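All of the numbers you see were taken from the coordinates with simple rules; none came from a lab. Because the structure is predicted, anything quoted here is derived from the model rather than measured. Glycine gets a Cβ as well: all are built from the backbone with ideal geometry, and neighbour counts include every protein chain shown.
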Amino acid sequence: MATEALSARDAARPRRRLFRRQRHREAAFVWCLLLPALAIFLLYRLIPLGWNFLLSFQFWEPTKPAEFAGLYHYEEMFVYDDVFWQALGNTFVYMAMAPISIVAALVLALLVDSRIRGRGVYRTIIFLSYPLMAVAVGVIWRWLYDGKVGLFNYILRSAGLIDAPIAFLETFATAMPAVIVAAIWQIVGFFMIILLTGLQSIPQHLYEAASIDGASRFRQFWRITLPLLRPSLFLCFVIGIIASFTSFDLIYVMTNGGPGHATELLITYIYKVAFTLTQFDYAGALTVVMFLLFLGVALLGNLLAGGEAGKVDITE
Amino acid sequence: MQKTWLVAALSAVVGATFLAPGLAPGAMAQEKKLTLLTWNLPIYEEKFRGWIADFKELHPDFEVEWLDKKGTEWATFYQTQLIAGTAPDIIDVQGMLWAEYAAADGLVDLTPYLDKEPDVRDRFNKEGMTLWQYDGRQYMLPYYFSKSLMIYNKNLFEAAGLDGPPDSLEAILEDGRKIAATDEGRSGFITLNFDWLYWPLFAMNGVELLNEDMTEAAFNTPEMLDTLTKLAEATSAGVVNNIAWTGRWVEPNNAFATGDIGMYQAHGAALFWIAGNAEWVNQDTLGVAAWPGGWGVPNAHGLGISASTKYPDEAFDFLKIATSDKWQTVMADTFTILTLNEKVDEALIAGLDDPLKAETLRLSLANMDKATGNWVTPKDAAIKEAFWPEIQAALLGQKSPQEAIDAAESKVNRALRRR
Amino acid sequence: MHRYPRWPIHAALILVSVAMLLPFYWVLKTSLTGENIFAYPPSLLPQGIQPFFYVDAWYAIPFARFFLNSVLVAAMVIVANLIFNAAAGYALTKQFRGKTAILFVLLSCMMIPFQATIIPAYLITAELGLLNSYLGLALPAFSHIICIFIFKANFDAIPPSLIQAARIDGVPEWKILLRVMLPLAKPAIATNVILSFIWSWNDFLWPLIIIRDVQMQTMPLGLSTFLAYFEDTTGALYAFCVMVLVPGLLIFLLAQNQFIQGLTSGARKG
């Protein structure tokens, strides 16, 4: 009995060692694969974030040695700086762009997905605005919104909807919606493509089975399409959130945060504080807070989507 | 097929990497080099090359690199370079931005150089030079200069039965009302609003922005409330065109160029722009006058030297060439602009056939003691950011004037007290 | 199968298409007509078509050079993204210690806005000696996190039995990635190419900061320079907008059939 046990242990040992070595090798392989990408993120994301983090506890000017500032900048931000709160509010309003575009994109994707002639053409046209340079898009839309001779004013006035021209980008009430419309125009095609991909990866036989069971198309949409589209929708959501709070070029060109601070987003405010007011230390504090905030939003979104970020699960 | 593509792309990458000049910075660090950074003047390239050629005659062992950035991106570029320790040596700066750098010891004090060479100092308009003095030291030399004036549309004045430019805020608004009433779509008054250009409206009613030693806001007064209330009311009544408070540069210029606005508070550059773009403009239809009370906001560019430069003496030689009679005459003739080089300015005004332009330049140089909106403080940008959005909201009817003034006061004070 | 009228779908899509194309049309019209663009009402149809603004725009900046620079940078970014993202995406399909941490780091990195990191990014690039170079322009864009997740999702969808079979045959891991996984991940490759191209092509702030030499500037900087030149004569500005946008659009249109078809039909199942 004893010998039997011994030999069993002997036999297991090298196999376990082999297994462990293999696991080590696999781990090394995995890390090798990850390394290049991680190096880029370390250099251009994590170290800069750390830099901002350190700076946010200092008094610092480009040409002078730093001094410890404690929580001075954070106090400034939360207690004294109204513009920070306004920019924060605006950023969340601007974020409304994401759900609106996603719903619009879903409708468009469903329409384009139907078997009609020329759907390739429609798809191309709707996507065409996404590859455009945001700076140029800003220039173009500023021209469309022009308060005197802009196309939109012309259309609205010809249709008799308004009497006097509206300076869309220069009026407090209309500036933000106007910017959001331009942002939606640019991104909706991209969302549509993502959702289209998702739609087309839904197995046809599910619909066929549902039809045989007599389920209405509406019901099929709710019970099959929408649940199976969840990963694509989540991807759109993440991209939309990121796009909405890094949307710098467009705002910079169209309104530069104005009028007043009506279209000031956190990102444009950070840029202003750093480069117009030369308060890099304070900008650092703003960056840290913005980062934590949106990390929170993303984690929450991730939680609500019920899974790993970016996981696309098309098994049933 | 796909493989060929991949190979081609990869070789492109490798090739590009080797082409990259930045890969060999060591080779470049050895030669003596100065960098000139100008502000939104790509159109003047040929002349900048001329400065450089003249400089190289004096210092043949030097290389000079010329860079130009658009106004909105200038500061971003310069500050990044400053932090990295590679700041351009010679810089062309607009407005009061330089004071920020001077206060942070980022600029070379030019006073000793000027003491050594008094004839260089004597080139310039004395009062003009004070625009670039901080703590009693001279940090910049004048490059070009203009000041806000009253530009008015004589056709509309005639239509409204007015015989000349007004002499007070009340008169401006009253005349504006008459002009706006002459026809639909017309308004009485418009102004530029960036860089304190609207400030004469307040200055002429006795409003002070800051106290004497610039440590506290001084504008929460009945005069301020009165001025702001009147302007806001006139704006909502259409007497003052909305664009006065929302436009940047092109928008107000365009608005006035349409010929439907009576008065425009702007500097010479705007007048020349309009003269070049609107068909209705000529001697008889466009007038220019000093602002009531002689107030005016200077809009000036200066040339200075970054403290990080390795060759301050040579950089000063470069400044001498740039501001010399020879090159400033070229500048003046190219853009019909004042340079604060007194000899050059005199010759420019005397040589102009166009009386409107000559008058504009003459008026810009007059009343130098009434220059306003040019507080020499490193906090200038922060004060502007604290002040303007609140006042703008009141002018556009988003906030009550008193509320806006209170908010602006507390924000400005906070900005002044901050480290 | 479904017998319902098609025309409402066409009507809706045509309406949307018109709305999407309107800005294109308007900028093209403005750039081509010699009319006074500040006149009201604006004419809806182009009148007096002439190419002068395009000639102006062409001579204002070294267009060909900027174009070439943009192409080179975009090529580097695309190639790097394919390699880096495919590798990282594949790694994330595996179970290994620290995976949760890595996922968290990646998610966090997505939340760090580039505009807020310009200064340190510049200092790092200076340390690497890459200022004013193509590599310096391209390096920060060498990997996009969203693209990594797209690769991962695509790899996840590949039946595990295929990989198991290859493993049993003794195929080494890196070969599995190259020979089995990548050919099956064409949609992800396509998406990566499009996205990294678009993002690199349109980048504005980063080139602005790190490029000093005019000869090294990219197209968006051309637009910025152009705004400095022609702030007033807007007709030429819109001509330049068209010239900046057209190459990007052309490249996209030429490639789009392959890309989007790969992207959509490749994913069709069942």
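Where is the GNM fluctuation largest for chain C (alpha-carbon springs, 10 angstrom cutoff): C:I61, C:I163, C:I146? Highest fluctuation among the options: C:I163. Globularity index of the stretch C:38-179 is 1.61 (Cα radius of gyration / 2.2 N^0.38 Å, N = number of residues).
Go ahead and estimate [θ] at 222 nm for chain B from helices alone: -39,500 (n - 2.57) per DSSP H run with n ≥ 4, summed, over the residue count, rounded to 500.
Estimated from H runs of four or more residues: -14500 deg cm²/dmol.
Here the spin labels are modelled as points 7 Å beyond Cα on the Cα-Cβ line, and at A:L46 and B:Q402 they lie 5.7 nm apart. Close amide H contacts of A:Q58 (hydrogens built in the peptide plane, cut-off under 5 Å, sequence separation of 5 or more or a different chain): A:A69. Less than 5 angstrom separates the built amide H of B:L286 from those of B:K154, all sequence-distant by 5 or more or on a different chain.
From the Cα gyration tensor of the stretch B:187-276, with a ≥ b ≥ c the square roots of its eigenvalues, which class applies: rounded if a/c is under 1.5, or else prolate if a/b is larger than b/c, or else oblate? Intermediate results must be reported in sequence, preceding the final value.
Numbers: a/c = 2.89, a/b = 1.64, b/c = 1.75.
The shape class here is oblate.
Beta bridges per DSSP, both residues in the protein assembly as shown: antiparallel share near 65 percent.
Positive end of the dipole of chain C (Cβ unit charges, origin at the Cα centre): among C:A126, C:I112, C:I102, the Cα lying farthest that way belongs to C:I102.
Across q = 0.15, 0.20 Å⁻¹, the stretch B:103-166 modelled as identical point scatterers on its alpha-carbon atoms has Debye log10 I(q)/I(0) values of -0.59, -0.82, in the order of the q list.
With distances taken between every two different alpha-carbon atoms, the stretch B:289-335 has a Kirkwood hydrodynamic radius of 13.5 Å.
Only DSSP H runs of four or more residues enter the estimate; each adds -39500 (n - 2.57), and after division by the residues of chain C the mean residue ellipticity at 222 nm equals -21500 deg cm²/dmol. Global size of chain C: 23.3, 75 Å for Rg and Dmax (C-alpha atoms, Rg to one decimal, Dmax whole). What is the helix-to-structure angle for B:312-322, meaning the angle in degrees between its Cα long axis and the longest Cα principal axis of chain B, kept from 0 to 90 and rounded to the nearest 10? So the inclination is approximately 50 degrees.
Phi-derived couplings, Karplus 6.51 cos²θ - 1.76 cosθ + 1.60 at θ = phi - 60°, listed residue by residue for the stretch A:127-139: 7, 4, 7, 5, x, 6, 5, 4, 4, 5, 4, x, 4 Hz, with x used for Gly and Pro. For the stretch A:113-173, the calculated P(r) over all alpha carbon pairs, in 10 Å bins from 0 to the bin holding the longest distance, is 20, 31, 27, 20, 3 percent. Residue by residue along B:73-79, Cβ atoms of other protein chains within 10 Å of the local Cβ number 6 on average.
Residue-wise HN-Hα couplings along the stretch A:228-239, as the Karplus relation 6.51 cos²θ - 1.76 cosθ + 1.60 with θ = phi - 60° gives them from phi, are 6, 8, 3, x, 5, 4, 5, 4, 4, 4, 4, 4 Hz; Gly and Pro carry x.
In peptide C:92-104, what is the residue-averaged number of other protein chain Cβ atoms found within 10 Å of each Cβ?
Counting other chains' Cβ atoms within 10 Å and averaging over C:92-104 gives 4.
Orientation-averaged projection of chain A equals 29.0 nm² [convex hull of Cα atoms, one quarter of hull surface area]. Each Lys and Arg Cβ is given +1 and each Asp and Glu Cβ -1; about its Cα centre, chain B then shows a dipole of about 1160 debye. Stokes-Einstein diffusion for the protein assembly as shown at 25 °C, viscosity 0.890 mPa s, with a Kirkwood radius from C-alpha pairs, works out to 79 µm²/s.
Among B:D353, A:D213, what is the fewest-to-most ranking by other Cβ atoms within 10 Å? The partial results should precede the final answer.
On the way: B:D353 6, A:D213 9.
By the 10 Å Cβ count, ascending, the order reads B:D353, A:D213.
Look at B:R137, B:R248 and count the other Cβ atoms within 10 Å of each Cβ; fewest to most, that gives B:R137, B:R248. Each Lys and Arg Cβ is given +1 and each Asp and Glu Cβ -1; about its Cα centre, the stretch A:83-191 then shows a dipole of about 420 debye.
Quick check: convex hull of the Cα atoms in the stretch C:62-105, volume per residue, rounded to a whole Å³? Numbers along the way, then the final one.
Details: hull volume 3.0 nm³, N = 44.
Considering the Cα atoms of the stretch C:62-105, their hull volume per residue is 67 Å³.
With a Förster radius of 51 Å applied to the C-beta separation of C:R6 and B:K326, the computed FRET efficiency comes to 0.10. Under a Gaussian network description of chain C, with springs only between Cα atoms under 10 Å, the residue in C:I124, C:I211, C:I194 that fluctuates furthest is C:I124.
Report summary: the helix-based calculation at 222 nm, which adds -39500 (n - 2.57) for every DSSP H run with n ≥ 4 and divides by the residues of chain A, gives -21500 deg cm²/dmol.
Determine, from the Cβ-Cβ distance of C:Q164 and A:E75 and an R0 of 51 Å, the FRET efficiency 1/(1 + (r/R0)^6), rounded to the nearest 0.05.
With R0 = 51 Å, the Cβ-Cβ based efficiency is 0.30.
Rounded, prolate or oblate: which one fits the stretch B:214-358, using the alpha carbon gyration tensor with axes a ≥ b ≥ c (rounded when a/c is under 1.5, else prolate when a/b beats b/c, else oblate)? Oblate shape, in that a/c is at least 1.5 and b/c is the bigger or equal ratio. Take every DSSP beta bridge whose two residues both sit in chain B; close to 60 percent of them are antiparallel. Close amide-amide hydrogen proximity is noted between A:Q279 and A:A274, each under 5 Å apart and 5 or more residues distant or on a separate chain (H modeled in the peptide plane; Pro and chain starts excluded).
Listed by Cβ neighbour count within 10 Å, with the fewest neighbours leading, B:D119, B:D175, B:D195 appear as B:D119, B:D195, B:D175.
Angle of helix B:355-365 to the longest C-alpha principal axis of chain B, folded into 0 to 90 degrees and rounded to 10: 80°. Rg and Dmax of the stretch C:1-110, based on Cα coordinates, read 24.9, 69 Å. If you run the Gaussian network model on chain B, springs between alpha carbon atoms under 10 Å, then out of B:T221, B:T38, B:T323 the most flexible one is B:T221. Taking the longest Cα principal axis of chain B as reference, the axis of helix B:2-19 is set at about 90 degrees. Size descriptors for chain B, from the alpha-carbon set: Rg then Dmax equal 24.1, 80 Å. With θ taken as phi - 60° and the Karplus curve 6.51 cos²θ - 1.76 cosθ + 1.60 applied, the whole-hertz 3J(HN,Hα) list for the stretch A:175-191 is 4, 5, x, 5, 5, 4, 4, 4, 5, 5, 3, 6, 9, 4, x, 5, 4 Hz, x standing for glycine and proline. Counting, for every residue in A:164-174, the Cβ atoms of other protein chains within 10 Å of its Cβ and taking the mean gives 3. Bridgeable lysines around A:K64 (alpha carbons under 30 Å apart, same-chain partners fewer than 8 residues away excluded): A:K272, B:K32, B:K33, B:K69, B:K70, B:K116, B:K310, B:K320, B:K379, B:K384, B:K411.
Computed on the Cα atoms alone, the convex hull of the stretch B:34-141 gives a volume of 125 cubic angstrom per residue.
Say R0 is 25 Å: what FRET efficiency, to the nearest 0.05, do B:A347 and B:D119 get from their beta-carbon distance? List each step's numbers first, then the result.
Values: r = 18 Å, r/R0 = 0.72.
About 0.90, to the nearest 0.05.
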